[in-house]
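Below is one structure, written out as structure tokens, with a few remarks after it.
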Amino acid sequence: MTKTLLPSLAIGLVLTACQPVVDEPAPQLTQIEVKDFKASGLIAGTLPDIIDALETGKVSSERLVNLYLERIENIDKSGPRLQAVLSINPDALAQARALDEKRAAGEVLGPLHGVPVLLKDNIESKDTLPTTAGAIALKDNITGRDSPLVAGLRAQGAIILGKTNLSQWANFRSEGSMSGWSALGGQVRNPHMLDRNPCGSSSGSGAAAAASLAAATVGTETNGSVICPSNANGIVGFKPTVGLVPQQYIIPISVSQDTAGPMTKTVMGAALMMNAMATTTPNQDYSAGLQKDALTGVRVGVLNFAKGESVPITALFTKALQDLEMAGAVLVDIDEAPEAPQDFGKMSYDILKYEFKDGVNKYLASTSESLVSTRTLQQLIDFNSAHKEELALFDQSIFIASQAMASIESEDYKNALKIVQQATREDGIDALLQQHNVDVLIAPSGLVVPRVDPINGDVWPRDWPGYGGYAARAGYPHVTVPMGGIHNLSVGLSFIGTKHTDADVLAYAYGYEQQSQRRLAPQYLKNAEDLPGVKEAMNP
């Protein structure tokens, strides 16, 4: 989860018209840099490419796992040191060999047979891997349990390659936090520009998918933590309808907003992952409607009120609108946002604090007493106070504020939840869809990410493009697709629908993706001064 203190993470400074020009060509890197950092061959491909290679015998699962392990060692642990991967499954190679044997015997478990996948490290798997939320208190939390989404992936033959780094406690520990940092894993780096914010608590999953450290990754979102890192790292991220992917055995924040979602290079990859992860809809094929002409005649609501004021981002958004029209969509301008109720931001934040206290207490109580000594939120607070390395960069103000909340049986909680859900559902997204007679809503997914700042924490521009906060609070489906870049930093286009229109939203996103093809490969620039002309301008 990224910041939830204000609607849509809208905090910080305003983007200005003096930002870099749009869609610049990638800078020419030296041959050594390209060879060492940029993915090549099969692992540079998409999830469908990798599935095809396994099915046709071009690569074995064992070879594939070894390729990813080598790349993690060369890119994540050394080289640019992305620090996107927190732990490796010690049994991954053995599982790959067993799956190769099954394939040779004609026993193919499903489309993901032999495919290596990375999980965000708040999702449990029964492998010999702890589920830590990036926190020292949970460093030994080996549960032996598969979250239902992991069981679904495993049933189709996927290999859990390891766990990804994240914003500690899914970015719900401090109001002064820094996205992508955890005490166990350090700071995740953005592979497009290494000093830039990877965004969102699923930052490790976003960076790992973009940098080809696995065939696909899984993130979780409460408010922006699949969409924001996908936007920042230049990949496709899908936040499904809440409840479609079960929340069991995932370290919680909010029972009303939490969901896991796939993070991949393409929409087809996300849909294939959903077929395994969405265990509540076993007969739904989320890839079936992914056709190039999926947007033909579709009425698309253009959220002009949510496009922001950044000139480069609005220029990319204008190009995206042109792509949508070329793909057959009918564009409908929507200029006015639904009116938010009084104290909407405060109530939204309070809901998360109520639900976190309840959920984390229940989760901790379910862990092994011999492996996890912190059994309550208050004990976590006390543990962190006694372990100063946990508080080296920022405090635990959200933990303390959550501990002070009453029970979820309180009338204040129930009233706030009712008001916020009505505002974002019936009076929000549903009203926009119905009043304008449109099938889906679109807006930019977010901003051009700022630098990582260990002194001030996350410093976001005040003008945050997009409508993801409403989709998150409503629990409605939301997918982001790359729509280009600004000085090699990616920005995405969001598609938002009503409850349980997940397959349709993915199909519309696919139609746009096939028309636009604007995903950027990471360049592993150290900072903006690696860009042509910038270094000279900075140092005349």
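The values are calculated or read from the model by the stated rules, or taken from the named source; none is laboratory data. All of these numbers come straight from a predicted model, not from anything done at the bench. Positions of Cβ are backbone-derived with ideal geometry, glycine not excepted, and every protein chain shown enters the neighbour counts. Protein only, heavy atoms only, side chains kept; ligands, DNA and RNA dropped before computing areas. Shrake-Rupley method; radii C 1.70, N 1.55, O 1.52, S 1.80 Å.
Odds and ends about this structure:
- Surface accessible to a 1.4 Å probe, per residue, for the residues of the range 338-473, Å²: 45 Å²
- Per-pair calculated FRET efficiency, R0 = 22 Å: residue 104 and residue 66 via Cβ, rounded to 0.05: 0.80
- Sequence-separation-based contact order of the chain, relative, with Cα cut under 8 Å and 6+ spacing, percent: 21 percent
- In this Cβ point-charge picture (+1 for Lys and Arg, -1 for Asp and Glu), the range 398-540 has a dipole of about 240 debye about its Cα centre.
- Stokes-Einstein, applied to the Kirkwood radius of the chain over Cα pairs at a viscosity of 1.567 mPa s and 4 °C, places its translational diffusion at 57 µm² s⁻¹.
- Average projection area in nm² (convex hull over Cα atoms of the range 101-156, one quarter of hull surface): 4.2 nm²
- Per-bin percent of Cα-Cα distances, the range 356-461 [10 Å]: 11, 23, 26, 28, 10, 1
- Annotation: Cα Rg of the range 76-210 relative to the compact-globule expectation 2.2 N^0.38 Å equals 1.10.
- The range 138-183 versus the range 277-316: alpha-carbon centroid distance in Å: 27 Å
- Convex hull volume per residue, computed on the Cα atoms of the range 451-540, equals 143 Å³.
- In Å², nearest 10: area of residue 436 left accessible to a 1.4 Å probe: 60 Å²
- Whether the range 158-246 is rounded, prolate or oblate, judged on the alpha carbon gyration tensor where a/c under 1.5 counts as rounded: rounded
- Surface share of carbon and sulfur [accessible, 1.4 angstrom probe, percent] for the chain: 50 percent
- Solvent accessible area, Å² - residue 326, 1.4 Å probe, full protein context: 140 Å²
- Estimated D of the range 423-493 in µm² per second, where Rh is the Kirkwood radius over Cα pairs and Stokes-Einstein applies at 25 °C, 0.890 mPa s: 175 µm²/s
- Alpha-carbon spread of the range 33-140, three principal axes, descending order, Å: 44, 38, 20
- Sorted peptide list for 254-267, 389-402, 144-157, criterion being average Cβ within 10 angstrom, highest first: 254-267, 144-157, 389-402
- Taking the three principal axes of the alpha carbon atoms in the range 275-362, the coordinate ranges are 51, 41, 23 Å, sorted in descending order.
- Multiplying the residue separation of residue 529 and residue 437 by 0.36 nm and subtracting their alpha-carbon distance yields 28.4 nm.
- Principal axis extents of the Cα atoms in the range 192-329, from largest to smallest and rounded to whole angstrom, are 42, 41, 31.
- Take every pair of alpha-carbon atoms less than 8 Å apart whose residues are at least six positions apart; their mean separation over the length of the range 434-540 yields a relative contact order of 25 percent.
- Protein heavy-atom accessible surface, 1.4 Å probe, per residue over the range 486-539: 41 Å².
- Overall form of the range 312-362 per C-alpha gyration tensor (a/c, 1.5; a/b vs b/c): prolate
- In this label model, residue 388 and residue 280 are separated by 4.6 nm, measuring between points 7 Å along each Cα→Cβ vector.
- Inter-probe distance in nm under a simple model that places probes 7 Å from Cα toward Cβ, at residue 155 and residue 336: 4.8 nm
- Shape class for the range 33-86, computed from the alpha carbon gyration tensor (a ≥ b ≥ c): prolate, with a/c not under 1.5 and a/b above b/c.
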